[in-house]
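Undergrad: Sharing a structure with you now.
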Amino acid sequence: MNRMNKPQTILRALAPLMVALPLNPAWGFEEDGYELWLRYRALEGAQRTRVLAHAKVIVAPAGPSLTALAAVAELHRGLSGLVGRPPELAREIRKGAIVLATPASLPAIAKLDLDLASLGQEGYLLRATKVRGHAVTLVAANSDVGLLYGTFALLAAMRTGVDLAKIDVRSAPKVALRMLNHWDNLDRTIERGYAGESIWEWHHLPDVKDARYVDYARANASIGINGTVLNNVNSKAEMMTAPWIAKAAALADVFRPYGIRVYLSVRWSAPMELKQTATADPLDPAVRKWWKDKAAEIYKVIPDFGGFLVKANSEGQPGPQDYKRSHAEGANLLAEAVAPHGGLVFWRAFVYSQFDEEDRAKQAYTEFVPLDGTFAKNVIVQVKNGPIDFQPREPFHPLFGAMPKTPLAMEFQITKEYLGFATHLAYLGPMYEEVLQADTGRPRKGSTVAKVIDGSLDGNKLTAMAGVANIGSSRTWSGSHFDAANWYMFGRLAWDPHASSRDIARDWAALTFSTDRKSTEAIVEMMMRSREAVVDYMNPLGLHHLMDTGHHYGPGPWVSELRRPEWNPTYYHQADRKGIGFDRTPKGSNALEQYAPDVARQWADPKTTSDQFLLWFHHLPWDFRMPSGRSLWDELIARYDRGVAGAGDLRKRWDRLKNVIDPRRHREVREFLLIQEQEAKWWRDASVAYFRSVSGLPLPKGHAAPPLTLEQYKSRRTPWAPGRAQPY
Ligand code: BDP
């Protein structure tokens, strides 16, 4: 044996690589985040015994559909991991079985008084009960997809220590369409994506169906997501051509068993760009026919195709207004094309025009409210959570509560374009919850955004919530371990917009990291604090849109030279020698008039405006007295510093968890937290340097001067930051 081949020599040579090897003596093997919250690690002690007693066999519905088979496969996979052996598959109900049943597959459950009717088509029930005299764990639903959702819930319950002998859970979604919106381009780049390339291997589709698509579908089904828009809202005409429709069809085939429908973003001018019509005017008969034929062509290969998502007449995208037609005329044309097939149109209200002088925060309302009641029955208007653009904090969009005759979908951004990309830890749950719980005041007090979204306010059945996906080909899927929490949380809040983001964080942390209660709570605490820290070091006190141009990475409050006023951060903060803030009261743009009178009244006076929105609605002198007793200037600096301290605090809290988190994930999270700490400081220092140059005021005592000059901050360039938009 040559010396180099001796085992000891090889081991020694490999020593520096050992940390990265999958085998780690302390943890068995290294976790890399790929399994997300669906990690089926071996249970120990009492919980293992309990699960074993209740999961001896699986009784699947006879002649199972692919969806029921997916549920069985998940139980098989899950229990193989949790208790070390897969359960037997049986026909006969026995003691200790998990019984998957719908009233159609097992009429006996009708006698059990389960009130299945109230679960609707997608809800499920988990119950320890007797079926035909045998004590079993029943997973019951009205449909197979309900069984699949129930299965995921049962596996989560097993992992979080729920006593299966007493399990009794019922759950049904409050929102009908729970959608991811991918901003994935056809070349696999992702607009505002920070998790690598698109997971859609377009070039290999439809011939190759990557195994990852199944894992994507499993993860989504486990949180109840039932729709996915595959391509960027800044869409390309090619998406509407036969080869690309075939690619979408291949993905739809993979997702179908998991209850997920495929949708596509369309480019308004597609028929014209493909040189098949002379115009894209929605009232032109040739255009109408083109879309009808196109819809029929799509439905031929994707019979359950969900429909279209449209960004029109916004940020330079073409749209019906190019032909002096309204958004409703545009939406209704597409609605007419998909209606015979049961399809839907999601028409985005994120519109602002580079030619409109009006406060950008007002434009969507101005354009859409007059159209209330004129959209076709299968159109949903999709509204971003706030009136500007996914900022770290915005008041709720005034369109919520202002279009009672139109189904409105919520659009959240899961990918963190404006909250530190994938490197900053920012759990968005509290941000979504803040918006959903906001009271629109219309038509009466208590009319929260959540009630608009779940349809309960106006008796609307066509309900939807969309999240701009943060998924890419990164091993962690979302670019960081903690960003997966935002995907998870989105699904859970779409299922129930009234749920608590803290409870959701708890479930995620337990399923992702550790079911030890103290560790879970420590992680949850970090998550719950994280978004507020980001607000403080990036956009405190209601400031917004202060990031650098184009890629939106890092601070750029000084940017003022872009062609249109509303492209510049200086337009949004309006800071000068005397004060700071955007006046949206009647003295200014009067964006306040778009809110219900009670809400507007509260925000009209800086004294009654929450400091969260102070500079969103008011332009105030630097010496304005804050409730803290400090001047506005001093408070601003204090907030920036609080943000930096908050980022440092996250890192310290994580350090304390070193012994309870597996080493690789602990290290990877820590590396990002260090970046966050540095970038929080960068945001703070650059912003303070700039605002100090504008206000001419000295820094309050105890607050350090930025270490560099303003010019040095301004000269920092990051032209190749990830997630940039493609030129339209
Ligand atoms: C903005 C993004 C841009 C998107 C746009 C949208 O910067 O890339 O195209 O939103 O939602 O926030 O259409």
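Undergrad: Pairs under 7 Å by beta carbon, first residue without any contact (Cβ under 8 Å) to a residue 24 or more places away in the chain in segment 321-347, partner surrounded by 23 or more Cβ atoms within 10 Å (Cβ to Cβ) and in a helix (DSSP H, G or I), six or more apart or different chains?
TA: none
Undergrad: Further, regarding this structure: Failed condition for THR512, given (1) touching a residue at least 12 places away in the same chain (Cβ under 8 Å); (2) more than 30 Å from LEU177 (Cα to Cα), with all others met?
TA: It fails just one condition, (2).
Undergrad: Condition test on GLY723, is it assigned to a loop (DSSP other than H, G, I, E, B), over 16 Å from PRO557 (Cα atoms) and in contact with a strand residue (DSSP E or B) (Cβ under 8 Å, 6 or more places away or on another chain)?
TA: For GLY723, the condition - assigned to a loop (DSSP other than H, G, I, E, B), over 16 Å from PRO557 (Cα atoms) and in contact with a strand residue (DSSP E or B) (Cβ under 8 Å, 6 or more places away or on another chain) - is met.
Undergrad: From (1) within 12 Å of the ligand (Cβ to nearest atom); (2) over 27 Å from TYR488 (Cβ atoms); (3) β-branched (Val, Ile, Thr); (4) out of contact with any Phe, Trp or Tyr (no Cβ under 7 Å at 6 or more places or on another chain), pick out the condition that doesn't hold for ILE388.
TA: Going through the list (1) within 12 Å of the ligand (Cβ to nearest atom); (2) over 27 Å from TYR488 (Cβ atoms); (3) β-branched (Val, Ile, Thr); (4) out of contact with any Phe, Trp or Tyr (no Cβ under 7 Å at 6 or more places or on another chain), ILE388 breaks only (2).
Undergrad: So which residues in segment 391-413 are within 16 Å of the ligand (Cβ to nearest atom) and within 23 Å of GLY556 (Cα to Cα), if there are any at all?
TA: GLN391, PRO392, ARG393, GLU394, GLN413
Undergrad: From the residues in segment 414-434 that are of a type outside the set (A, V, I, L, M, F, W, C) and within 16 Å of the ligand (Cβ to nearest atom), which one is farthest from the chain's Cα centre (by Cα)? Can you show your working first?
TA: Quick first cut of segment 414-434, residues of a type outside the set (A, V, I, L, M, F, W, C) only: 415-418, 420, 423-424, 427, 429-430, 432-434.
Imposing the further condition that a residue be within 16 Å of the ligand (Cβ to nearest atom) reduces the set to 415-418, 420.
On the way: THR415: 7, LYS416: 9, GLU417: 12, TYR418: 13, GLY420: 15 Å.
Within segment 414-434, the match that is farthest from the chain's Cα centre (by Cα) is GLY420.
Undergrad: While we're here: Using the structure shown, decide if PHE355 is outside any strand (DSSP E or B), at pLDDT below 95 and more than 12 Å from the ligand (Cβ to nearest atom).
TA: yes
Undergrad: Looking at (1) within 16 Å of the ligand (Cβ to nearest atom); (2) on the phi > 0 side of the Ramachandran plot, which is the one condition that is false for GLY224?
TA: (1)
Undergrad: How many residues are of a type outside the set (Lys, Arg) and either assigned to a loop (DSSP other than H, G, I, E, B) or not assigned by TED's automatic domain parsing to the domain that holds ASP372 (or both) when one looks only at segment 399-417?
TA: 11
Undergrad: Now, a different point. Restrict the check to segment 369-380 and report whether at least one residue is assigned by TED's automatic domain parsing to the domain that holds PRO282 and within 12 Å of the ligand (Cβ to nearest atom).
TA: No, the conditions are met nowhere in segment 369-380.
Undergrad: What about ASP598, is it at pLDDT 95 or above and either surrounded by fewer than 18 Cβ atoms within 10 Å (Cβ to Cβ) or part of a helix (DSSP H, G or I) (or both)? Give the derivation first.
TA: Details: at pLDDT 95 or above: yes; either surrounded by fewer than 18 Cβ atoms within 10 Å (Cβ to Cβ) or part of a helix (DSSP H, G or I) (or both): yes.
In short, yes.
Undergrad: Restricting to segment 61-102, name every residue that is within 24 Å of GLY120 (Cα to Cα), touching a helix residue (DSSP H, G or I) at 6+ places or on another chain (Cβ under 6 Å) and modelled with pLDDT under 95.
TA: PRO61
Undergrad: Here is a follow-up. Could you name every one of the strands (runs of 3 or more DSSP E) located completely within segment 112-172 that has at least 2 residues being within 20 Å of GLY491 (Cβ to Cβ)?
TA: Per the criteria, 124-131, 168-171.
Undergrad: A follow-up question, please. Evaluate the following for PHE346: is it of a type outside the set (A, V, I, L, M), surrounded by 23 or more Cβ atoms within 10 Å (Cβ to Cβ), within 23 Å of ALA438 (Cβ to Cβ) and more than 13 Å from the ligand (Cβ to nearest atom)?
TA: On the way: of a type outside the set (A, V, I, L, M): yes; surrounded by 23 or more Cβ atoms within 10 Å (Cβ to Cβ): yes; within 23 Å of ALA438 (Cβ to Cβ): yes; more than 13 Å from the ligand (Cβ to nearest atom): no.
So PHE346 fails the test.
Undergrad: Hey, another quick one. One residue is enough: does segment 106-124 have a residue meeting the conditions at pLDDT 95 or above and touching a Lys or Arg at 6+ places or on another chain (Cβ under 6 Å)?
TA: For segment 106-124, residues at pLDDT 95 or above and touching a Lys or Arg at 6+ places or on another chain (Cβ under 6 Å): absent.
Undergrad: Please specify each residue of segment 262-291 satisfying the condition of being farther than 15 Å from GLY330 by Cβ and surrounded by 15 or more Cβ atoms within 10 Å (Cβ to Cβ).
TA: VAL262, TYR263, LEU264, GLU273, LEU274, GLN276
Undergrad: Going by the conditions given, is GLN363 free of Cβ contacts under 8 Å to residues at least 40 places away in the same chain and touching an Asp or Glu at 6+ places or on another chain (Cβ under 8 Å)?
TA: yes
Undergrad: Any residue in segment 698-717 that is away from the ligand (no atom under 16 Å from the Cβ), charged (D, E, K, R), more than 18 Å from PHE482 (Cα to Cα) and buried (at least 21 other Cβ atoms within 10 Å of the Cβ)?
TA: Within segment 698-717 (the criterion being away from the ligand (no atom under 16 Å from the Cβ), charged (D, E, K, R), more than 18 Å from PHE482 (Cα to Cα) and buried (at least 21 other Cβ atoms within 10 Å of the Cβ)), the answer is no, since none of the residues qualifies.
Undergrad: Given ARG77, ARG91, ARG50, ARG85, which one is surrounded by fewer than 21 Cβ atoms within 10 Å (Cβ to Cβ) and under 17 Å from PRO257 (Cβ atoms)?
TA: So the residue among ARG77, ARG91, ARG50, ARG85 that is surrounded by fewer than 21 Cβ atoms within 10 Å (Cβ to Cβ) and under 17 Å from PRO257 (Cβ atoms) is ARG77.
Undergrad: Going by the conditions given, is ARG360 closer than 19 Å to MET239 by Cα and within 16 Å of the ligand (Cβ to nearest atom)?
TA: No; evaluated as a whole, the condition is false for this residue.
Undergrad: Looking only at segment 536-595, count how many residues are at pLDDT 95 or above, part of a helix (DSSP H, G or I), within 26 Å of the chain's Cα centre (by Cα) and within 16 Å of the ligand (Cβ to nearest atom).
TA: Matching residues across segment 536-595 total 3.
The values are calculated or read from the model by the stated rules, or taken from the named source; none is laboratory data. These numbers were taken from a predicted model, which means no experiment stands behind them. Neighbour counts run over all protein chains shown; Cβ positions are idealised from the backbone, glycine included.
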